[in-house]
1. In segment 265-307, which residue that is among the hydroxyl-bearing types (Ser, Thr, Tyr) and within 9 Å of the ligand (Cβ to nearest atom) is farthest from Gly23 (Cα to Cα)?
2. Which condition number does Glu244 fail, the rest of (1) more than 17 Å from the chain's Cα centre (by Cα); (2) buried (at least 17 other Cβ atoms within 10 Å of the Cβ); (3) outside the structural domain of Trp131 (by TED's automatic domain parsing); (4) touching a residue at least 24 places away in the same chain (Cβ under 8 Å) being met?
3. Please specify each residue of segment 184-230 satisfying the condition of being in contact (Cβ under 8 Å) with a residue 12 or more places away in the chain, of a type in the set (Gly, Ala, Ser) and farther than 14 Å from Val49 by Cβ.
4. Suppose the filter is at pLDDT below 95, out of contact with any Phe, Trp or Tyr (no Cβ under 6 Å at 6 or more places or on another chain) and either away from the ligand (no atom under 15 Å from the Cβ) or assigned to a loop (DSSP other than H, G, I, E, B) (or both); does Leu311 pass it?
5. How many residues does segment 218-239 contain that are over 14 Å from Tyr262 (Cα atoms), of a type outside the set (Gly, Ala, Ser) and surrounded by fewer than 18 Cβ atoms within 10 Å (Cβ to Cβ)?
6. Arg252 - would you say it is away from the ligand (no atom under 13 Å from the Cβ), under 20 Å from the mean Cα position of the chain (by Cα) and touching a residue at least 60 places away in the same chain (Cβ under 8 Å)?
7. Just to confirm my filter: which strands (runs of 3 or more DSSP E) fall fully inside segment 88-179 and include at least 1 residues that are over 30 Å from Phe241 (Cβ atoms) and out of contact with any strand residue (DSSP E or B) (no Cβ under 6 Å at 6 or more places or on another chain)?
8. If a residue has to be among the acidic types (Asp, Glu) and under 14 Å from the mean Cα position of the chain (by Cα) to count, how many in segment 259-311 make the cut?
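The values are calculated or read from the model by the stated rules, or taken from the named source; none is laboratory data. Remember, it's a predicted structure, so these values are computed and weren't measured experimentally. Glycine also receives a Cβ, built like all others from the backbone with ideal geometry; neighbour counts cover every protein chain displayed.
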Amino acid sequence: MRIAIIGAGISGLVCARRLVGQGAQVLLLEKSRSLAGRCASRKFGEHVVDSGVQYFTLRNSVVRKEMQSVSGDQLQTISPPIFERGKVYREGEERFYLAEGNNRLGKLLAEGLEVRKESEVRGVLPRGKKWEVGGELFDGVVSSAPWPQSAALFGMRESEVPFEPNLTACLEYSIPWDGSRYATLDSTGLEPLAWVGCENAKKGRILNEKSVYVVQASTSYSREHLEADPALWIQDLQVRFEKEWGLDREKRGVTFGHRWRYARRSRGAPPPSALADGLYLCGDSVTDSRVESVWQSGIEVAELLLAKGGL
Ligand SMILES: Cc1cc2nc3c(=O)[nH]c(=O)nc-3n(C[C@H](O)[C@H](O)[C@H](O)COP(=O)(O)OP(=O)(O)OC[C@H]3O[C@@H](n4cnc5c(N)ncnc54)[C@H](O)[C@@H]3O)c2cc1C
């Protein structure tokens with residue numbers, strides 16, 4: 001059984017590992033230069049900052065065990081609380097991250113897999129009982145890309161599973177972190193700032209008595225400013241953040257912004273309609289937008305393919 005997997009984010013990588021472990025031939029095609037997709041981290045001045053996934057939960061025992069085995073000492077927990085409207089959010093919830101950046105998970109999961117980076121898939125074409133991807137034939141094709149991108153490749157309607165954008169700003173200050181809180185959150189969607197997380201809560205990440213904040217705008221703010229000049233919305237989010245967290249603008253350091261066009265599946269979105277034989281989906285096209293859910297979806301699709309392939 002020869003399978004092509006589109007995208008080397010968490011779900012695609014997990015799916016590939018499970019298939020390869022059972023003897024399938026798998027080729028992962030990733031359009032970007034890096035692995036882990038939206039589980040993204042980057043160098044930011046002298047620091048490492050998570051610009052996508054902030055933290056993840058591990059409630060599912062299977063995912064937890066696999067994550068622990070893959071991540072080893074890299075797996076760490078965040079202790080300070082998150083606040084929503086002045087109250088501690090989900091007190092007692094365990095929150096995890098990877099010491100050297102959440103994107104490290106991509107590298108760890110990809111060990112031993114055949115991954116072609118900088119290989120954007122532009123079409124998936126039927127060839128009898130097989131599918132052609134990038135000039136090669138496969139028995140099955142799994143797309144892990146967000147639904148609007150998968151839909152374009154599979155010839156389906158983009159609107160079937162709506163995705164929401166997100167504007168993210170990273171802000172540095174020459175002020176030490178006081179350690180009292182990790183993040184503030186607004187889950188109503190009414191405030192322009194949906195999330196502010198302090199990267200100092202992740203041990204060893206932020207150096208030299210500085211503090212770094214990841215600010216995510218609400219969906220409606222992100223939609224409204226998606227095509228605007230990033231300098232404008234970074235500045236606007238920064239002013240709002242300073243007011244909310246009481247930080248001194250005189251202590252500002254470097255900033256950067258990232259525009260996530262397809263950040264998360266809309267809550268309560270229906271699953272996509274049936275796919276042609278030999279085409280499969282994993283990731284948040286078929287589940288909710290959380291690391292442990294997309295991990296599980298990778299396992300489930302692999303199991304489905306293995307059952308069909310009779311390996
Ligand atoms: C700003 C932000 C914050 C988030 N915070 C959290 C959080 O704190 N906790 C949490 O659990 N979840 C969080 N999420 C959600 C989480 O990131 C996603 O649900 C999860 O990472 C999706 O993984 P995936 O493998 O399904 O998809 P992706 O990570 O999107 O991977 C898909 C891959 O496919 C590639 N690709 C796309 N099209 C093509 C193509 N045509 N050819 C080749 N490759 C292609 C992409 O480059 C990408 O690498 C956040 C998401 C965002 C954007």
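1. So the residue we want is Ser289.
2. If we test Glu244 against (1) more than 17 Å from the chain's Cα centre (by Cα); (2) buried (at least 17 other Cβ atoms within 10 Å of the Cβ); (3) outside the structural domain of Trp131 (by TED's automatic domain parsing); (4) touching a residue at least 24 places away in the same chain (Cβ under 8 Å), just (2) comes out false.
3. Within segment 184-230, Ser187, Gly189, Ala194, Ala217, Ser218, Ser220, Ser222 meet the criteria.
4. yes
5. So the count comes out to 7.
6. Considered against the rule, which asks whether it is away from the ligand (no atom under 13 Å from the Cβ), under 20 Å from the mean Cα position of the chain (by Cα) and touching a residue at least 60 places away in the same chain (Cβ under 8 Å), Arg252 comes out as no.
7. 124-127, 136-138
8. Of the residues in segment 259-311, 3 are among the acidic types (Asp, Glu) and under 14 Å from the mean Cα position of the chain (by Cα).
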